[in-house]
1. Restricting to segment 126-143, name every residue that is out of contact with any Phe, Trp or Tyr (no Cβ under 7 Å at 6 or more places or on another chain) and either within 18 Å of LEU108 (Cβ to Cβ) or touching a residue at least 60 places away in the same chain (Cβ under 8 Å) (or both).
2. Counting only residues that are in contact with a helix residue (DSSP H, G or I) (Cβ under 9 Å, 6 or more places away or on another chain) and either closer than 19 Å to GLU16 by Cα or not in a helix (DSSP H, G or I) (or both), which one in segment 41-50 is modelled with the highest pLDDT?
3. If a residue has to be assigned to a helix (DSSP H, G or I), surrounded by 12 or more Cβ atoms within 10 Å (Cβ to Cβ) and of a type outside the set (A, V, I, L, M, F, W, C) to count, how many in segment 22-40 make the cut?
4. Among the residues of segment 69-78, is any modelled with pLDDT of 75 or more and farther than 30 Å from THR129 by Cα?
5. Consider segment 152-184. How many of its residues are assigned to a strand (DSSP E or B) and out of contact with any Phe, Trp or Tyr (no Cβ under 6 Å at 6 or more places or on another chain)?
6. Taking segment 109-120, which residues are surrounded by 18 or more Cβ atoms within 10 Å (Cβ to Cβ), under 19 Å from GLY166 (Cα atoms) and not hydroxyl-bearing (Ser, Thr, Tyr)?
7. ASN148 - would you say it is closer than 19 Å to ASN89 by Cα, of a type outside the set (Phe, Trp, Tyr) and at pLDDT below 95?
8. Cβ-Cβ distance below 8 Å, separation of 6 or more or different chains: which pairs start in segment 158-173 with a residue that is under 17 Å from SER144 (Cα atoms) and end on one that is of a type in the set (D, E, K, R)?
Amino acid sequence: MTALWAGPWRWELARETKLNIARSILDKFRGTSVEQGKDYVGMANQIAAQQQAIQPHLDAIKTDRANQAMSAAAQAAVGTPVTATKLFNDYHANEVSADDEYKGRRLLVTGIVNSIDKDLTGSIIVRLTTSNQFMSVDADMRDSQKSNAATLSRGQKVSVSCTGAGMVIGSPQLSDCALQSTWH
């Protein structure tokens, strides 16, 4: 909500607040002789005109809020965005802190494919390049991702949705990964 107050909509929201205050003041005079007066009718007409003028903007604010809520839910489904290099650097700076931030959480990791391998159990591992040429971020792909992994090539940029799984022998680990997008 703070983002909305920082944007161009803050004036429309402020105007709506002022209109609500004016409406509540006028409502106190309903059913009295003042309601029939020229000033009361004039103010009521001004409030109605202002409300009509800002209503499209208020509707847009409601739509923006709904879209933000939907995109937050969609982001939660694929994960918090992070690059493979940042993940690697964070783990090497402080493994305890990195575990608190990443382990067990859904992440959307973007990086460059270093290799596409199989481990001892036959699981597909997509290794992502990091700031250390000898170490990678290891993305353990879901079995259903075999055909997607087969289309990848070294040097290709990818985004994978995974669960953070800590660090093993200096390499951050990702589990339950699914390919989200690729670029050449």
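1. Those that are out of contact with any Phe, Trp or Tyr (no Cβ under 7 Å at 6 or more places or on another chain) and either within 18 Å of LEU108 (Cβ to Cβ) or touching a residue at least 60 places away in the same chain (Cβ under 8 Å) (or both): VAL126, ARG127, LEU128, THR129, SER136, ASP138, ALA139, ASP140, MET141, ARG142.
2. Checking each candidate, the answer is GLN46.
3. Residues in segment 22-40 being assigned to a helix (DSSP H, G or I), surrounded by 12 or more Cβ atoms within 10 Å (Cβ to Cβ) and of a type outside the set (A, V, I, L, M, F, W, C): 3 in total.
4. no
5. 21
6. Those that are surrounded by 18 or more Cβ atoms within 10 Å (Cβ to Cβ), under 19 Å from GLY166 (Cα atoms) and not hydroxyl-bearing (Ser, Thr, Tyr): VAL109, GLY111.
7. No, not satisfied.
8. Once the first residue is under 17 Å from SER144 (Cα atoms) and sits in segment 158-173, its partners that are of a type in the set (D, E, K, R) give SER161/ARG106; CYS162/ARG106; CYS162/ASP140; CYS162/ASP176; THR163/ARG105; THR163/ARG106; THR163/ASP176.
The values are calculated or read from the model by the stated rules, or taken from the named source; none is laboratory data. This structure is a prediction, so every number in the text was calculated from the model and none was measured. Cβ atoms come from the backbone with ideal geometry, glycine included; neighbour counts cover every protein chain shown.
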